[in-house]
Amino acid sequence: MTQPSRLAIVPFVSVDSMMKLVLAVGVERFLTELAAYVEEDFLRWEAFDKTPRVASHSHDGVIELMPTSDGTLYGFKYVNGHPKNMREGRQTVTAFGVLADVGSGYPMLLTEMTMLTALRTAATSAVAAKYLAPKGARTMAIIGNGAQSEFQAVAFKAIVGIDTVRLYDIDRSASEKCARNLAGLGLETVICASGQEAVEGADIITTVTADKQYATILTDNMVGSGVHINAVGGDCPGKTELHRDILLRSDIFVEYPPQTRIEGEIQQLAPDHPVTELWQVMTGKAEGRTASKQITLFDSVGFATEDFSALRYVRDKLASTGFYEELDLLADPDEPRDLFGMLLRAAKS
Ligand SMILES: NC(=O)c1ccc[n+]([C@@H]2O[C@H](COP(=O)([O-])OP(=O)(O)OC[C@H]3O[C@@H](n4cnc5c(N)ncnc54)[C@H](O)[C@@H]3O)[C@@H](O)[C@H]2O)c1
């Protein structure tokens, strides 16, 4: 067997390598540095090729491709969303992704993105909250205490200054798991018996449940004035978490309107209902929170640039940490046109 050449090799970050990388950097520092990359890319929003993600819907879930490019780098993520998976011992959301060089079209990185999606979603939520949440917010309710929940809690601690999380899940064992995992990480956790109890005294409400239906995780009476809602779980046609009346009382901030109007909470509203793009708040083109009594809502669905930022961040970390394997991914014959000859030579060897 001949050794693959240098051009054949693409760095591959397995789940094991990703976990080693996150632990070596430290979870909070990883989230904070990743959030800076996410923010940096939102600030140069106009540089990106943007398209709503390509979704293939089925009875139990969705498989999506999320591509984008800034003209120098190209990235895409494969991601699924299958709420029933959790009951079968699988993840609701799994993902992997690629970063490539636009100049040659050659992939530069192939990586797991199940962990990375949880990290980038939490980092993005926290960046949005930095601009939109009430000043001095210390308490956050987290409704839905599954795979994403601890990442959200730690990101909001590191980036927004949250010190208390009030947890609610229809399955109490999920809240207990979340509280257990957060023990010792500098957050006070309170397990609540209902969504109503969880939102009491919360400055920020994160909804991150998984259910393939129009759910009502928050009813209008649960949302007092002045809170920031970080609505993460409603991210597909026919899959929402908030009662429509909450949307009518809120100022709504979104990633990329053409995608959010299909997938976000705002699918419940008229197609021309006013929303503000998050990048415009970050660049100062639009206002974020302007009054203490205002309800701000980040209608998060997850956009390709956030994965691009995460891919970029991981790529930049590889050289100094070395947590990757070399994958023989690209055929590289001695003479570029002799691909068939490469096959014949392999048969001989
Ligand atoms: N916006 C984004 O960028 C983004 C990124 C990743 C995941 N998501 C979405 O976030 C959601 C959560 O993902 P996950 O990986 O944590 O899923 P998960 O299956 O691990 O956890 C979901 C939790 O929600 C709970 N739940 C379901 N219905 C509930 C209800 N009515 N009230 C309270 N709790 C309820 C479940 O018991 C479970 O513990 C999914 O819908 C996923 O599609 C969004």
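The values are calculated or read from the model by the stated rules, or taken from the named source; none is laboratory data. Every value quoted in this text rests on a predicted model; they were computed, and no experiment measured them. In this analysis, Cβ positions are derived from the backbone assuming ideal geometry, glycine residues included, and neighbour counts consider all displayed protein chains. The accessibility values were calculated without ligands, DNA or RNA, using every heavy atom of the protein model including side chains. Shrake-Rupley method; radii C 1.70, N 1.55, O 1.52, S 1.80 Å.
A few remarks follow.
- Number of residues in segment 226-244 that are closer than 21 Å to residue 203 by Cβ and open to solvent by 40 Å² or more (accessible area, probe 1.4 Å) equals 1.
- Residue 223 vs. criteria within 16 Å of the ligand (Cβ to nearest atom), in contact with a Gly (Cβ under 7 Å, 6 or more places away or on another chain) and open to solvent by less than 10 Å² (accessible area, probe 1.4 Å): no
- All positions within segment 1-30 that are modelled with pLDDT under 95 and among the basic types (Lys, Arg): 6
- Tally, over segment 146-165, of residues that are part of a loop (DSSP other than H, G, I, E, B) and either under 30 Å from residue 84 (Cα atoms) or open to solvent by 10 Å² or more (accessible area, probe 1.4 Å) (or both): 5
- Selection of segment 146-167 for residues being within 16 Å of the ligand (Cβ to nearest atom) and without any contact (Cβ under 8 Å) to a residue 40 or more places away in the chain yields 150, 153, 165, 166, 167.
- Filter result for residue 141 (in contact with a helix residue (DSSP H, G or I) (Cβ under 6 Å, 6 or more places away or on another chain), farther than 23 Å from residue 13 by Cβ and surrounded by 23 or more Cβ atoms within 10 Å (Cβ to Cβ)): yes
- In segment 1-78, counting only strands (runs of 3 or more DSSP E) that sit wholly within it, the ones holding 2 or more residues that are surrounded by 19 or more Cβ atoms within 10 Å (Cβ to Cβ) and in contact with a Lys or Arg (Cβ under 8 Å, 6 or more places away or on another chain) span 62-69.
- When residues in segment 97-127 are screened for being over 12 Å from the mean Cα position of the chain (by Cα) and either closer than 19 Å to residue 37 by Cα or in a helix (DSSP H, G or I) (or both), 10 of them pass.
- With respect to the conditions (1) within 27 Å of residue 11 (Cβ to Cβ); (2) open to solvent by less than 20 Å² (accessible area, probe 1.4 Å); (3) within 23 Å of the chain's Cα centre (by Cα), residue 333 falls short on a single one, namely (3).
- Just one of the listed residues (163, 101, 169) is over 27 Å from residue 224 (Cα atoms) and of a type in the set (D, E, K, R), and it is 101.
- Of the strands (runs of 3 or more DSSP E) contained entirely in segment 208-320, those carrying at least 3 residues that are not acidic (Asp, Glu) fall at 214-218, 228-231, 250-254, 295-299.
- So residue 216, is it touching a His at 6+ places or on another chain (Cβ under 6 Å), among the polar types (S, T, N, Q) and closer than 30 Å to residue 60 by Cβ: yes
- Filtered residue count, segment 226-245, keeping only those that are more than 17 Å from the chain's Cα centre (by Cα), among the hydrophobic types (A, V, I, L, M, F, W, C) and within 16 Å of the ligand (Cβ to nearest atom): 1
- Single residue of segment 257-314 satisfying the filter (among the basic types (Lys, Arg) and touching a Pro at 6+ places or on another chain (Cβ under 8 Å)) that is most open to solvent (accessible area, probe 1.4 Å): 261
- Residue in segment 323-344 that is hydroxyl-bearing (Ser, Thr, Tyr) and assigned to a helix (DSSP H, G or I) present: no
- Residue count for segment 176-208 under the criterion of being without any contact (Cβ under 8 Å) to a residue 12 or more places away in the chain and either of a type in the set (A, V, I, L, M) or farther than 23 Å from residue 29 by Cβ (or both): the result is 1.
- Flag for residue 301 being within 16 Å of the ligand (Cβ to nearest atom) and aliphatic (A, V, I, L, M): yes
- Residue selected from segment 168-201 under the condition part of a loop (DSSP other than H, G, I, E, B) and more than 15 Å from the ligand (Cβ to nearest atom), by the criterion most open to solvent (accessible area, probe 1.4 Å): 200
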